[in-house]
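The values are calculated or read from the model by the stated rules, or taken from the named source; none is laboratory data. Note that this is a predicted model, so its numbers are computed, not measured. Cβ: placed from backbone, ideal geometry, glycine included. Neighbour counts: every protein chain shown. Surface accessibility is based on the protein's heavy atoms, side chains included, excluding ligands, DNA and RNA. Shrake-Rupley method; radii C 1.70, N 1.55, O 1.52, S 1.80 Å.
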Amino acid sequence: MALVLVGCGSGTTGGGGAATAAVQADPGAFPVTVETQFGSATIAKAPQRVVALGWSDQDAALALGVRPVAIVKTEDDFKTGVGPWAEQALGDARPQVLDTTDGYPIEKIAALRPDLILAVQSGMTSADYDKLSKIAPTVGYLKGRTTYGTPWQEQTELIGKALGRGKEASQAIAAVDRSLAQDAATYPQLKGKSFVYAYPQPSNGRMVLYTDARTKVLEQVGLTLDPVVSSAPKLNSFSNALSMEHLGSLTSQALLVWYGTPENQQQLESNPVFKGLPAVTSGAYLPVNRTLAQASSAPSVLSIPWSADQILPALAKSLH
């Protein structure tokens, strides 16, 4: 297995070697105890072998100069396991990519000999935690949070604390906030414009309308979530559902839609009601590909600036 770990500012062997230098931690950062939903994790010293099981936990670690030895698989097209927004931070490291479709591969994780497991932006259960915490200190999401429901700021703070890089984590969060503030200033035409971020499910006869982190980032640059979203029946902790029969009620000024398959996109875009929606006729409709959907659905300190560059200029061009 190709296992790579480097420290911030230190060299890396690439391919299949070990780190050439220890990860640099903030002075006095260790030992540290992190309290999360399923229990506490005590990290005695700067982790040398980090396994990132959260959906975007590797982004936070990479932003803080730590390259995990393993990450979870998110998209088949990610040749190095990470999205394009994280490739520069990953460098020539090649972490093992774990398939968690059928749950966490406990034996493979144990074989990696991690000294820290990150599962902040994850669907970890109590049973998962019991198994993982026997392998290494395991940092999950905080009490009161839902699975995959940790705000990117909190995710970065938690991971920064576990890695002994709290100061760097705060700086990374502040940098993204400044970037979004600059985006709001660059595109003033976005301010107050209504939007919907959706996903069609033709087999269920509905449109999923998101109310989660992906919409909060867009609100941070001045856009306003359309009232149709909150009035639609609740589907789960991160979205509501609108019957296709009521497709015409999507009268927001901007509309973002990501598609699971090309067929779903063709089916929706050929719908006469969809063609007549205000956002579609004005050109403020943005079809979102899978890579951009991944970047925006699990926003991180690395993916937010990247996805903003993909989304905001296109919307601003059509919103006046």
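Those strands (runs of 3 or more DSSP E) of region 185-297 in which at least 2 residues are of a type outside the set (D, E, K, R) and surrounded by 19 or more Cβ atoms within 10 Å (Cβ to Cβ), considering only elements entirely within it, cover 194-201, 206-210, 239-243, 254-258, 285-288. Of all residues in region 96-115, those that are within 20 Å of the chain's Cα centre (by Cα) and not hydroxyl-bearing (Ser, Thr, Tyr) total 5.
For region 11-44, which residues satisfy the criterion of being modelled with pLDDT of 95 or more, in a loop (DSSP other than H, G, I, E, B), closer than 15 Å to residue 165 by Cα and open to solvent by 50 Å² or more (accessible area, probe 1.4 Å)? 31, 44, listed by residue number.
Residue-by-condition table, conditions (1) in contact with a strand residue (DSSP E or B) (Cβ under 8 Å, 6 or more places away or on another chain); (2) not basic (Lys, Arg):
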| site | (1), (2) |
| --- | --- |
| 36 | yes, yes |
| 41 | yes, yes |
| 49 | yes, no |
| 66 | yes, yes |
| 81 | yes, yes |
| 91 | no, yes |
| 103 | no, yes |
| 107 | no, yes |
